[in-house]
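See below for the structure under consideration.
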Amino acid sequence: MNIGYITFNMKNQYLGKKEVRQAINYAINRKAIVEALFAGVGEEASQTVPPMVWGHNPDVKPYPYDPEKAKALLKQAGLENGFTMDLWYMPVSRPYAPAPKALAEAIAADLAKVGIKVNLKTEDWGQYVEDWRHGKFDCWMLGWTSDNGDPDNFLFPFWGRQGEFNTWDNEQVRTMLQKAQVSTDRAEREKLYKEIAVIMADEQPRVHIVHTAPVLAFRSNVEGYVTNPAAQEFFNTVYFK
């Protein structure tokens, strides 16, 4: 399983405000978007670590769709008349966003209802990857499929180090991730990851949109396949009946 999300650049004069990031979360109707665009293989996301991976915190729930709450938070941030921002979306289909343009358009439509005007932008995939890594976007759509199924792989690459694209750069979370990475105590690690989910739910450095599961098709005579949560497909146990 993977995670599809939108990341905020904290250097932006608006997105650097926690109230604005929370407002954007309340303004997006995740349930309707997932039902409309993910053909039954997606579920609303509340955090980066997917439900099937240990370290997921079941007590952290997705932000509810609440446009009035979003407007109240924007007013609290001194933006009761809204603001304008760019949202970059991938030019290619990805497992966590099979129709990225349609997803971006749905999000932009929801944000417009609370006074946030969104300019949708994209570019060649290679340049897109280069630009987000170097912090050139204020707000961008992306996602992640784990390399190994460990919760560290969902979190540390983004928040465990200081870097150009880690504009959130939360020292507390960074320290917790570094501690979890070297610990051999799974219970301690799991506790740290669950605590990080709570911090991120409040700070919202990214909008968690959807968890999706890989879609695989086999002929009826194929036997022995074992699913892998990291979406790495191994066929050494597969045979034809």
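A few remarks follow.
- Members of region 109-135 found to be of a type outside the set (A, V, I, L, M, F, W, C), under 19 Å from the mean Cα position of the chain (by Cα) and loosely packed, with under 14 Cβ neighbours inside 10 Å, listed by number: Glu130, Arg133, His134
- Among residues of region 149-170, those that are surrounded by fewer than 14 Cβ atoms within 10 Å (Cβ to Cβ) and either among the hydrophobic types (A, V, I, L, M, F, W, C) or under 16 Å from Val182 (Cβ atoms) (or both), counted: 1
- Within region 188-227, restricting attention to residues that are assigned to a strand (DSSP E or B) and under 30 Å from Ala108 (Cα atoms), the residue that is modelled with the lowest pLDDT is Thr212.
Every residue, every condition in (1) assigned to a helix (DSSP H, G or I); (2) over 17 Å from Tyr65 (Cα atoms), yes or no:
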| residue | (1), (2) |
| --- | --- |
| Leu87 | no, yes |
| Val92 | no, yes |
| Leu103 | yes, no |
| Ala109 | yes, no |
| Asn119 | no, yes |
| Glu123 | no, yes |
| Gly126 | yes, yes |
| Asp131 | yes, yes |
| Lys136 | no, yes |
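- Scanning region 18-34 for residues that are surrounded by 21 or more Cβ atoms within 10 Å (Cβ to Cβ) and hydrophobic (A, V, I, L, M, F, W, C) yields Val20, Ala23, Ile24, Ala27, Ile28, Ile33, Val34.
- The set of residues from region 1-31 being modelled with pLDDT of 95 or more, within 16 Å of His208 (Cβ to Cβ) and aliphatic (A, V, I, L, M) comprises Ile6, Leu15, Ala23, Ile24, Ala27, Ile28.
- Taking the criterion of being surrounded by fewer than 24 Cβ atoms within 10 Å (Cβ to Cβ) and among the β-branched types (Val, Ile, Thr), the residues of region 35-56 that qualify are Val41, Val53.
- Among the conditions (1) surrounded by 18 or more Cβ atoms within 10 Å (Cβ to Cβ); (2) over 23 Å from Gln162 (Cα atoms); (3) not acidic (Asp, Glu), Lys69 misses just one, which is (1).
- Test: residue in region 77-89 that is aromatic (Phe, Trp, Tyr) and either without any contact (Cβ under 8 Å) to a residue 40 or more places away in the chain or within 26 Å of Asp152 (Cβ to Cβ) (or both): no
- Hey, Ile209 touching a strand residue (DSSP E or B) at 6+ places or on another chain (Cβ under 7 Å), of a type in the set (A, V, I, L, M) and within 30 Å of Trp88 (Cβ to Cβ) or not: yes
- Scope region 80-105; condition hydrophobic (A, V, I, L, M, F, W, C) and crowded, with 19+ Cβ neighbours inside 10 Å; matching residues: Met85, Leu87, Trp88, Met90, Ala97, Leu103, Ala104
- Selection over region 93-129 of residues that are farther than 20 Å from His211 by Cβ and free of Cβ contacts under 8 Å to residues at least 40 places away in the same chain gives a count of 17.
- Looking across region 146-160, the residues that are at pLDDT 90 or above and not in a helix (DSSP H, G or I) come down to Asp150, Gly160.
- Residue match in region 167-187 (condition: polar (S, T, N, Q), without any contact (Cβ under 8 Å) to a residue 24 or more places away in the chain and either in a loop (DSSP other than H, G, I, E, B) or under 15 Å from His56 (Cα atoms) (or both)): yes
The values are calculated or read from the model by the stated rules, or taken from the named source; none is laboratory data. This one's a predicted model, so the numbers in the text were calculated from it and none came from an experiment. We place every Cβ from the backbone using ideal geometry, glycine too, and count neighbours over all the protein chains shown.
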